[in-house]
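For reference, the structure discussed in these notes is given below.
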Amino acid sequence: MILCDTNIFIEIYKGNNDIISAFKKIGQHTMAISDVSCAELLYGARNKKELRAIRKDLDGLTVLPIQTAISTLAVLLVEKYTLSHKLSLPDALIAATALHHNIELYTLNLKDFKFIEEVQLFEG
């Protein structure tokens with residue numbers, strides 16, 4: 001299983017052929033998304049039609065909910081990296097989800113996660 005950051009889905013919606021090709025190669029059944037990314041994608045919807053389309057797409061994915069262990073780990077990551085790297089809460093929750101489930105994180109924003117040594121970044 002591979003956890004996809006929000007930006008992967010944004011690029012798919014933009015029609016980025018490289019990301020679409022990588023997504024197809026990996027396989028939708030192997031992809032997961034965190035509750036945080038779900039919320040971010042839904043928040044970015046421009047209208048009801050787009051909101052419904054995003055919801056339909058999300059329903060076809062494995063959604064990993066924020067559990068107590070994930071939120072606890074996210075708080076530790078924020079404490080460790082907020083001063084040195086300005087780790088945001090959403091990114092901390094996404095990183096903590098990948099760590100908790102021991103899965104790779106697929107992101108285009110490597111700078112947001114590469115300093116977290118424990119996070120395994122997917123290299124498509």
Region 52-58 - phi-based ³J(HN,Hα) in whole Hz, Karplus 6.51/-1.76/1.60, Gly and Pro as x:
5, 5, 5, 4, 4, 5, 5
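Whole number in Å², please: accessible area per residue of the chain, 1.4 Å probe, ligands, DNA and RNA not counted.
Details: 7310 Å² over 124 residues.
Roughly 59 Å² per residue, with all protein chains present.
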Each residue of region 28-38 in turn: what ³J(HN,Hα) in whole Hz from Karplus with 6.51, -1.76, 1.60 and θ = phi - 60°, glycine and Pro shown as x?
4, 5, 9, 8, 10, 9, 8, 4, 4, 5, 4
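Tell me the mean residue ellipticity at 222 nm calculated for the chain from its helices only (DSSP H runs of n ≥ 4, each -39500 (n - 2.57), averaged over every residue, nearest 500). Don't skip to the answer; put the middle values down first.
Values: 6 runs with 71 residues, N = 124.
Rounded to the nearest 500, it is -17500 deg cm²/dmol.
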If I compute volume of the Cα convex hull per residue in Å³ from the structure I just sent, which labelled value in (1) 140; (2) 99; (3) 173 lines up?
(2)
Dipole magnitude (debye, nearest 20) for the chain, charges at Cβ of Lys, Arg, Asp, Glu
520
Of Ala92, Ala74, Ala53, the one that fluctuates the most in a GNM where the chain has Cα springs shorter than 10 Å:
Ala53
Can you list residues from other chains, or at least 5 along the same chain, whose modelled amide H is less than 5 Å from the amide H of Gln120?
Leu105
Answer with one residue from Leu83, Gly15, Ile70: the one whose Cα lies farthest towards the positive end of the charge dipole of the chain, charges on Cβ with Lys, Arg +1 and Asp, Glu -1.
Gly15
Most mobile of Ile103, Ile12, Ile94 per a Gaussian network model of the chain (Cα springs, under 10 Å)?
Ile12
Could you go through region 96-110 in sequence order and give the Karplus-derived ³J(HN,Hα) for each residue, using 6.51 cos²θ - 1.76 cosθ + 1.60 with θ = phi - 60°, rounded to whole Hz, and x for Gly and Pro?
5, 5, 4, 5, 4, 8, 6, 10, 6, 10, 9, 9, 9, 9, 4
Gain upon complete extension [Lys24, Ile10; 0.36 nm per residue less C-alpha separation]
3.5 nm
Taking 0.36 nm per intervening residue step and subtracting the Cα-Cα distance, what contour gain separates Arg52 from Ser88 on full extension?
10.2 nm
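The values are calculated or read from the model by the stated rules, or taken from the named source; none is laboratory data. Small disclaimer: the values here were computed from a predicted structure and weren't measured. Here the Cβ is made from the backbone with ideal geometry for all residues, glycine too, and neighbour counts use every protein chain on show. Heads up: the accessible areas ignore ligands, DNA and RNA and are worked out on the full protein's heavy atoms, side chains in. Shrake-Rupley method; radii C 1.70, N 1.55, O 1.52, S 1.80 Å.
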